[in-house]
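Asks: Handing you a structure now.
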Amino acid sequence: MSAEIEHTEPLTQAVQLREQKNPRAHEQLLALAARYPQDAAIAYQAAWSHDSLGLEAQAVPFYERALDGPGLPAEDRHGAFLGLGSTLRVLGRYEAARGVLRRGLTEFPHDASLLTFLAMTLYNLGESREAVRTLLNVTAATSADQRVQAYRPAIEHYADRLDETE
């Protein structure tokens with residue numbers, strides 16, 4: 001039996017337990033991560049488990065392992081970039097968070113969730129103008145509000161010209 005097949009079922013079970021908020025999930029994910037340290041999917045799920053328990057600092061190396069390892073599906077890579085960037089921001093590691101979120105945006109250009117967390121990070125770095133510009137562009141691009149959409153061209157225009165006056 002291949003290693004991948006050997007751990008697919010236990011990983012699925014651990015994820016289901018995590019989704020049910022069962023405390024045994026974390027223990028199972030840690031055991032799987034120790035047994036299969038090169039498995040990106042297991043590392044991602046272990047990171048997620050740490051984050052969901054408020055163990056942000058302990059989540060970081062698992063997120064990093066998930067992003068460095070091969071074979072992580074695109075949706076999980078996106079989640080790992082978002083999770084790691086958000087976690088680093090919460091830990092006050094703003095420069096590292098900005099780097100991770102921008103790296104995520106190279107793979108997922110214009111992703112609203114990555115851009116939103118980047119805007120928060122930019123604010124934390126004292127780059128308020130860039131943070132507001134980013135949020136205005138996200139709002140213009142993603143809002144379903146008819147009034148926002150009616151003014152989308154103006155919002156996008158002024159997002160880059162916040163200090164302009166006539």
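Asks: Are there trypsin sites (Lys or Arg not before Pro) in segment 18-61 that DSSP puts in a loop and that have at most 15 other Cβ atoms within 10 Å, and which ones?
Replies: Lys21
Asks: Next up: Once you have the Cα-Cα distance between Thr8 and Arg152, take 0.36 nm times their residue separation minus that, and quote the gain in nm to one decimal. Working shown, then result.
Replies: Working: separation 144, 0.36 × 144 = 51.84 nm, distance 4.58 nm.
In short, 47.3 nm is gained.
Asks: How big is the charge dipole of the chain about its Cα centre, in debye rounded to the nearest 20, if each Lys and Arg gets +1 on its Cβ and each Asp and Glu gets -1 on its Cβ?
Replies: So the magnitude is around 260 debye.
Asks: Any idea how far apart Gln58 and Glu127 come out in nm if each label point goes 7 Å out from Cα toward Cβ?
Replies: 3.3
Asks: Please calculate how many Å² of accessible area the chain carries per residue, with a 1.4 Å probe and no DNA, RNA or ligand atoms counted.
Replies: Accessible area per residue: 58 Å².
Asks: While we're on this one: Would you be so kind as to identify which of Tyr123, Phe62, Leu162 lies farthest towards the positive end of the dipole of the chain, taking Lys and Arg as +1 and Asp and Glu as -1 on Cβ and the Cα centre as origin?
Replies: Tyr123
Asks: Largest first, please: the extent of the C-alpha atoms of segment 13-141 along each principal axis, to the nearest Å.
Replies: 45, 26, 24
Asks: Still on this structure, please answer the following. Roughly how many percent of the accessible protein surface of the chain is carbon and sulfur, given a 1.4 Å probe and a whole-percent answer?
Replies: 53
Asks: Pulled fully out, how much extra length does the chain show between Gln38 and Asp68, if you take 0.36 nm times their separation in residues and subtract their Cα-Cα distance?
Replies: 9.9 nm
Asks: Taking only C-alpha pairs under 8 Å that are 6+ residues apart, what is the relative contact order of segment 3-126 in percent?
Replies: Reported relative contact order: 16 percent.
Asks: Report the residue, chosen from His110, His78, His50, that carries the largest GNM mean-square fluctuation when the chain is represented by alpha-carbon nodes joined by springs under 10 Å.
Replies: His110
Asks: Still on this structure: Note down the accessible area of Tyr151, probe 1.4 Å, to the nearest 10 Å².
Replies: 150
Asks: Which is farthest toward the positive dipole end of the chain among Ala150, Val90, Tyr44, measuring Cα position about the Cα centre, with Cβ charges +1 (Lys, Arg) and -1 (Asp, Glu)?
Replies: The residue sitting most towards the positive pole is Val90.
The values are calculated or read from the model by the stated rules, or taken from the named source; none is laboratory data. It should be emphasised that the depicted structure is a prediction, and the values quoted were computed from it without experimental measurement. Using ideal geometry, Cβ is built from the backbone for each residue, glycine included, and neighbour counts are taken over all protein chains shown. Accessible surface is based on the protein model in full, side chains and every heavy atom, while ligands, DNA and RNA are left aside. Shrake-Rupley method; radii C 1.70, N 1.55, O 1.52, S 1.80 Å.
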